[in-house]
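To start, the structure itself, in structure tokens.
The values are calculated or read from the model by the stated rules, or taken from the named source; none is laboratory data. None of these values were measured; they are calculated from a predicted model. Cβ: placed from backbone, ideal geometry, glycine included. Neighbour counts: every protein chain shown.
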């Protein structure tokens, strides 16, 4: 193994939202063994670094944020970024109809120190968002601006992500509404791909795996990524530029680093991790994942690890370093 790709919430982080001592010790052991630890999260860069900063991880390691739309080093150096075109975002706002009350926009406003500037998050209405993610809204209050209508904010550029959040059933209805248009694709059991790999000299290393991945619909301009927490009746639907996913970002990073897909171990717990799990040579799904997702994982032969509150990541790292994980 040369690369370890880890989701954050529900995977690396415990129930307290922090990295446990045991998990951190495992990451340090992996780095000493020459493994690059890559964090791949639905969080934006700044919000991920709120937890990761100060842990002592290598600042040259990569952080894939916003479900694959942005890749930076832990030290905030930009490696890759895909923006959501303004006309597409404006059309989506209109297409959402009544669901736009649950809408939040994320802009890439990362400063040199890795923190966000105010205006990185924009909302039109706060009532429904406060009802579903009140703690998150409070924690990010300093970055949030209210803009009415929200389309005015899009004109400033730099949009990387649109997010809907609310009860599971309501968000599935919103997802269905979005998918009524051929302009929108869902990231399902295979990661979407871009038209080309940026580094042509290393493209051959991922060609075989990428060719097995279906192209996004010809007219697709946006891609949906779902994250569900059934025990909290909470769902998050992220809307990204078409072709963006954790899996594709991981493959691009690996190609740039000269790492083959079969040299990657990926660990995740939710639907938005599927593309990453499929991209890696070795996939581990956490035991706290949704039951229907675990059924899919078992059918695909993915390992089911321990829960995040049982330091499941540390268990995986130990198995890898001991050579006990199949084929590693």
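Here are the numbers for this structure:
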{"item": "Members of region 294-314 that are without any contact (Cβ under 8 Å) to a residue 60 or more places away in the chain and within 22 Å of residue 17 (Cα to Cα)", "result": "304, 305, 306, 307, 310"}
{"item": "Among the candidates 296, 236, 274, residue that is more than 23 Å from residue 60 (Cα to Cα) and in the same structural domain as residue 175 (by TED's automatic domain parsing)", "result": "236"}
{"item": "Residue among 42, 10 that alone is under 16 Å from residue 266 (Cβ atoms), part of a loop (DSSP other than H, G, I, E, B) and touching a helix residue (DSSP H, G or I) at 6+ places or on another chain (Cβ under 7 Å)", "result": "42"}
{"item": "Flag if residue 308 is buried (at least 17 other Cβ atoms within 10 Å of the Cβ), at pLDDT below 95, closer than 16 Å to residue 40 by Cβ and in contact with a helix residue (DSSP H, G or I) (Cβ under 9 Å, 6 or more places away or on another chain)", "result": "no"}
{"item": "Evaluation of residue 323 against (1) at negative phi; (2) surrounded by fewer than 12 Cβ atoms within 10 Å (Cβ to Cβ); (3) in a loop (DSSP other than H, G, I, E, B) (one fails), failing number", "result": "(1)"}
{"item": "Members of region 273-311 found to be closer than 17 Å to residue 38 by Cβ and assigned to a helix (DSSP H, G or I), listed by number", "result": "273, 274, 275, 276, 277, 278, 279"}
{"item": "Any chance residue 99 is more than 21 Å from residue 245 (Cβ to Cβ) and buried (at least 16 other Cβ atoms within 10 Å of the Cβ)", "result": "yes"}
{"item": "Scan of region 216-259 for residues that are more than 22 Å from residue 175 (Cβ to Cβ), in contact with a helix residue (DSSP H, G or I) (Cβ under 6 Å, 6 or more places away or on another chain) and surrounded by fewer than 24 Cβ atoms within 10 Å (Cβ to Cβ), ordered by number", "result": "255"}
{"item": "Among residues of region 30-43, those that are buried (at least 24 other Cβ atoms within 10 Å of the Cβ) and on the phi > 0 side of the Ramachandran plot, counted", "result": "0"}
{"item": "Hey, residue 84 surrounded by fewer than 16 Cβ atoms within 10 Å (Cβ to Cβ) and in a loop (DSSP other than H, G, I, E, B) or not", "result": "no"}
{"item": "Selected residue [in the same structural domain as residue 317 (by TED's automatic domain parsing), buried (at least 24 other Cβ atoms within 10 Å of the Cβ) and touching a strand residue (DSSP E or B) at 6+ places or on another chain (Cβ under 6 Å)] from 74, 78, 27", "result": "27"}
{"item": "Residue match in region 202-220 (condition: at pLDDT 80 or above, in a strand (DSSP E or B), within 20 Å of the chain's Cα centre (by Cα) and at negative phi)", "result": "no"}
{"item": "Boolean, residue 266 is farther than 16 Å from residue 68 by Cα, crowded, with 18+ Cβ neighbours inside 10 Å, at pLDDT 95 or above and under 16 Å from the mean Cα position of the chain (by Cα)", "result": "no"}
{"item": "Region 85-107 residues that are in contact (Cβ under 8 Å) with a residue 60 or more places away in the chain, paired with ones that are in a helix (DSSP H, G or I) and buried (at least 21 other Cβ atoms within 10 Å of the Cβ) (beta carbon under 6 Å, 6 or more apart)", "result": "86/154; 89/154; 90/154; 99/174"}
{"item": "Total residues in region 110-143, condition surrounded by 19 or more Cβ atoms within 10 Å (Cβ to Cβ) and more than 19 Å from residue 174 (Cα to Cα)", "result": "7"}
{"item": "Index of the failed condition, residue 64 passing every other in (1) closer than 18 Å to residue 250 by Cβ; (2) assigned to a helix (DSSP H, G or I)", "result": "(2)"}
{"item": "Test: residue in region 240-254 that is more than 27 Å from residue 219 (Cβ to Cβ) and not assigned by TED's automatic domain parsing to the domain that holds residue 101", "result": "yes"}
